[in-house]
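In what follows, a single structure is set out as structure tokens and then discussed.
The values are calculated or read from the model by the stated rules, or taken from the named source; none is laboratory data. As the structure is a computational prediction, the values presented were derived from the model and not from experiment. Every residue, glycine among them, receives a Cβ derived from its backbone with ideal geometry; neighbour counts consider all protein chains shown. Side chains included, ligands, DNA and RNA excluded: accessible areas come from the protein's heavy atoms. Shrake-Rupley method; radii C 1.70, N 1.55, O 1.52, S 1.80 Å.
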Amino acid sequence: MFSITVRDHIMIAHSFHGEVFGPAQRLHGATFLVDATFRREQLDEDNIVVDIGLATQELGAVVGELNYRNLDNEPDFAGINTSTEFLAKIIADRLAERIHKGALGENAKGIAGLTITLHESHIAWASYEREL
């Protein structure tokens, strides 16, 4: 399996519901490094997994929809704990939708899977992996 990874970042604010979250129940900010890893069995006719420039551009567009937002105020997330794991899935699903619509070009149809990893810090991160 071949893979490439591109990176961006987001800055969000949010709060959580539930005692398990302790002080994070209060409104707080988070900055995440966001890695998108694209996987495929065979390289395309140009011997690449995907166009890195397009992958970077589309990841930027997806995270741009979340950047500098208080997620508590976003209708899509009303009443939802927007944990790191949850946000990784949201970003993966939104990026997968763009891939299916052709945003990464015709050769991107050979991409077999996508993993989104959100790094909360240098010692903690969460990922969501999906097939395409």
TODO: Return yes when L33 is in a helix (DSSP H, G or I) and within 21 Å of A88 (Cβ to Cβ) and no when it is not.
DONE: no
Task: Selection from the range 113-125 of residues that are open to solvent by 10 Å² or more (accessible area, probe 1.4 Å) and in contact with an Asp or Glu (Cβ under 6 Å, 6 or more places away or on another chain) - done: T115, T117
Task: Top-ranked residue in the range 60-85 [being part of a loop (DSSP other than H, G, I, E, B) and more than 14 Å from S15 (Cβ to Cβ); ranked as least open to solvent (accessible area, probe 1.4 Å)] - done: L66
Task: Checking V49 against (1) part of a loop (DSSP other than H, G, I, E, B); (2) among the aliphatic types (A, V, I, L, M); (3) open to solvent by 40 Å² or more (accessible area, probe 1.4 Å), the condition it does not meet - done: (3)
Open item on the list: Looking at (1) closer than 24 Å to E129 by Cβ; (2) of a type in the set (A, V, I, L, M, F, W, C); (3) surrounded by 13 or more Cβ atoms within 10 Å (Cβ to Cβ); (4) touching a residue at least 40 places away in the same chain (Cβ under 8 Å), which one does M1 not meet, given that it meets all the others?
Closed with: (3)
Task: the range 30-55, residues that are out of contact with any His (no Cβ under 7 Å at 6 or more places or on another chain), among the β-branched types (V, I, T) and within 30 Å of F16 (Cα to Cα) - done: T37
Open item on the list: List the residue pairs whose Cβ atoms are under 6 Å apart, where the first residue sits in the range 52-67 and is small (G, A, S), the second is open to solvent by 30 Å² or more (accessible area, probe 1.4 Å) and outside any helix (DSSP H, G or I), and the two are 6 or more positions apart or on different chains.
Closed with: G60/D8
- [ ] Being within 17 Å of N107 (Cβ to Cβ) and of a type outside the set (K, R) narrows it down to one of G79, G53, G60, so name that one.
- [x] G53
Task: So G22, is it part of a loop (DSSP other than H, G, I, E, B), open to solvent by 20 Å² or more (accessible area, probe 1.4 Å) and farther than 25 Å from F2 by Cα - done: no
Open item on the list: Could you list, ordered by first residue, the pairs with Cβ atoms under 7 Å in which the first is in the range 113-126 and over 8 Å from V34 (Cβ atoms) and of a type in the set (D, E, K, R) and the second is assigned to a strand (DSSP E or B) and open to solvent by less than 10 Å² (accessible area, probe 1.4 Å), at least 6 apart or interchain?
Closed with: E120/F32
Open item on the list: Condition check: modelled with pLDDT of 95 or more and touching a helix residue (DSSP H, G or I) at 6+ places or on another chain (Cβ under 9 Å). Does I91 satisfy that?
Closed with: yes
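Results for (1) at negative phi; (2) outside any helix (DSSP H, G or I); (3) open to solvent by less than 60 Å² (accessible area, probe 1.4 Å), shown as yes or no for each residue.
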{"site": "H9", "(1), (2), (3)": "yes, yes, no"}
{"site": "F38", "(1), (2), (3)": "yes, yes, yes"}
{"site": "E58", "(1), (2), (3)": "yes, no, yes"}
{"site": "L87", "(1), (2), (3)": "yes, no, yes"}
{"site": "E97", "(1), (2), (3)": "yes, no, no"}
{"site": "A108", "(1), (2), (3)": "yes, no, yes"}
